[in-house]
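The values are calculated or read from the model by the stated rules, or taken from the named source; none is laboratory data. Because the structure is predicted, anything quoted here is derived from the model rather than measured. Quick reminder, even Gly has a Cβ in these numbers, built from the backbone with ideal geometry, and neighbours come from all protein chains shown. Just the protein is used for accessible areas: all its heavy atoms, side chains included, with ligands, DNA and RNA removed. Shrake-Rupley method; radii C 1.70, N 1.55, O 1.52, S 1.80 Å.
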Amino acid sequence: MKQLNFILCVILFIACTEEIDIPITSTNSNIVVQGFFEKGETTKILLTENLPINQPYTTEELLNSSIDDALVTISSNDTIDTLNLNFGFTDTWAYNYSGSKLKGYEGGRYLLEITKGDDYVWSITTIPQFTPVIEEEIQYIMRPTAQGDAAEGCYAFLRLPIEDADTIGNCWQISSKRCWDISYTPMAGGERGLYNDEYINGWSTKIDVYPGIGYWSSYGDEDDNSYSDESNCFETVVDGCSGATDAFWSVGEKFDLKFSSIDRESWDFWVSLLNNNPGSPFGSPSQAKSNINGGFGVFSGISSDWYELEIPENLSVDTVE
């Protein structure tokens, strides 16, 4: 009788959890998915066709690789949201399918299904619990320079405090948006703003953060280290405070920082891309860890917060601890 009661308890526990029917079969298609589901937002999906490597492409061919005739749905529990064909820019990338019913929430688990002709791909993502940043404890660190350097006192970076929960598996992505940027870009550096708690589980730690570098960034422009009256935008600067740079923020510069908790499968995908095309001539490409079953790409669950920051003008090298 005790064994029967235990089995009944297990059945009741399972019945109370969120259920998603996982598809059993899928085809090997050429569909590439770039999708994300942000906390408090609806799903946004960019669909393109997979193009062969080692082959030149024209801009028209790349634009024509976009897929606009697929059936795209996102579902959770008993709610199904059929995504609409659309186009727009988000803080991450352009999209051509967007949802209207389901909005993401922390702990939510979502099934993405895409059908195009005989092709069928699917993916499941979870929006993780957000790891908060204590804004009052963010440090602004002056970039070290030699005494007498023309760039002395011009540039700085952040030291970002993170309080990791005592549960292994937390992953983060850090990006920023300067006043002349058109979207948020990943942090500069080898990690590209991607971190996890494999070595810092349950710790209080600090991460040095630098501006993201976008393809639209300006190089070599001769501008003053000041605000522009026409655009109300902080002008770009370079070493020596005489032109454009991307490696550090300028003293007095205002910018936006985006700190995101992402699911582990998404983190694995983005990190695998960093290793997919190694700079060393002796390196070999690695396989990107896609979470798209039957296709390519990633479907990311994201929980984020945004911070409006400014590098203090009276910053001193003594700020470093």
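At-a-glance table
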read-out: Residue count, segment 102-115 (criterion: surrounded by 14 or more Cβ atoms within 10 Å (Cβ to Cβ) and more than 29 Å from N28 (Cα to Cα)); value: 2
read-out: Subset of segment 266-321 that is polar (S, T, N, Q), farther than 30 Å from R159 by Cα and open to solvent by 80 Å² or more (accessible area, probe 1.4 Å) - its residue that is modelled with the lowest pLDDT; value: S284
read-out: Members of segment 129-181 found to be part of a strand (DSSP E or B), under 24 Å from F269 (Cβ atoms) and open to solvent by 10 Å² or more (accessible area, probe 1.4 Å), listed by number; value: Q173, S175, K177
read-out: Among the residues listed as Y140, Y110, the single one being more than 24 Å from Y307 (Cα to Cα) and among the aromatic types (F, W, Y); value: Y110
read-out: Residue in segment 117-128 that is least open to solvent (accessible area, probe 1.4 Å), counting only those that are aliphatic (A, V, I, L, M) and in contact with a Phe, Trp or Tyr (Cβ under 8 Å, 6 or more places away or on another chain); value: I127
read-out: Number of the condition not met by L160 [criteria: (1) in contact (Cβ under 8 Å) with a residue 60 or more places away in the chain; (2) more than 20 Å from I302 (Cα to Cα)]; value: (2)
